Amino acid sequence: MTPLTVPEITRLLTTQPARPGLAEHWANWRRCHQARARWYHHRTRLAGDTTIPWSASEWVRQERRTAARSRIAGNGRCDAM
């Protein structure tokens, strides 16, 4: 999940939710949604590759392989995309 931001921490500490636990539930849902959206974004960007990872662990393995190849080739790319 993505880390909490300063405004999000401030809101969690200063607001009184309508129901107990609602603010924490919303923050957790939002962070999970952001992580999921980021993963799908990366998967779409990698669609030009021959294989599309269907799980997060496959994506991490593919990222590591791509990064290792770019370091070995010395092609000057900063990132694996």
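The values are calculated or read from the model by the stated rules, or taken from the named source; none is laboratory data. These numbers come from a predicted model, not from an experiment. With ideal geometry, Cβ positions are generated from the backbone for all residues, glycine too; neighbour counts draw on all protein chains shown.
Looking only at the stretch 1-49, which residues are loosely packed, with under 12 Cβ neighbours inside 10 Å, small (Gly, Ala, Ser) and under 14 Å from the mean Cα position of the chain (by Cα)?
Ala37 - this is the single residue of the stretch 1-49 that is loosely packed, with under 12 Cβ neighbours inside 10 Å, small (Gly, Ala, Ser) and under 14 Å from the mean Cα position of the chain (by Cα).
Among the residues of the stretch 1-43, how many are among the small types (Gly, Ala, Ser) and over 28 Å from Ala56 (Cα atoms)? Please lay out each step first, then the result.
First, the residues of the stretch 1-43 that are among the small types (Gly, Ala, Ser): 18, 21, 23, 27, 35, 37.
Pick out the ones that are also over 28 Å from Ala56 (Cα atoms) and you get 18, 21.
Result for the stretch 1-43: 2.
Quick check: anything in the stretch 40-57 among the acidic types (Asp, Glu) and at pLDDT 75 or above? Quick ask: steps written out before the conclusion?
Step one: of the stretch 40-57, the residues among the acidic types (Asp, Glu) are 49.
Those still in the list that are at pLDDT 75 or above too: none.
Looking for residues that are among the acidic types (Asp, Glu) and at pLDDT 75 or above, one finds none in the stretch 40-57, hence no.
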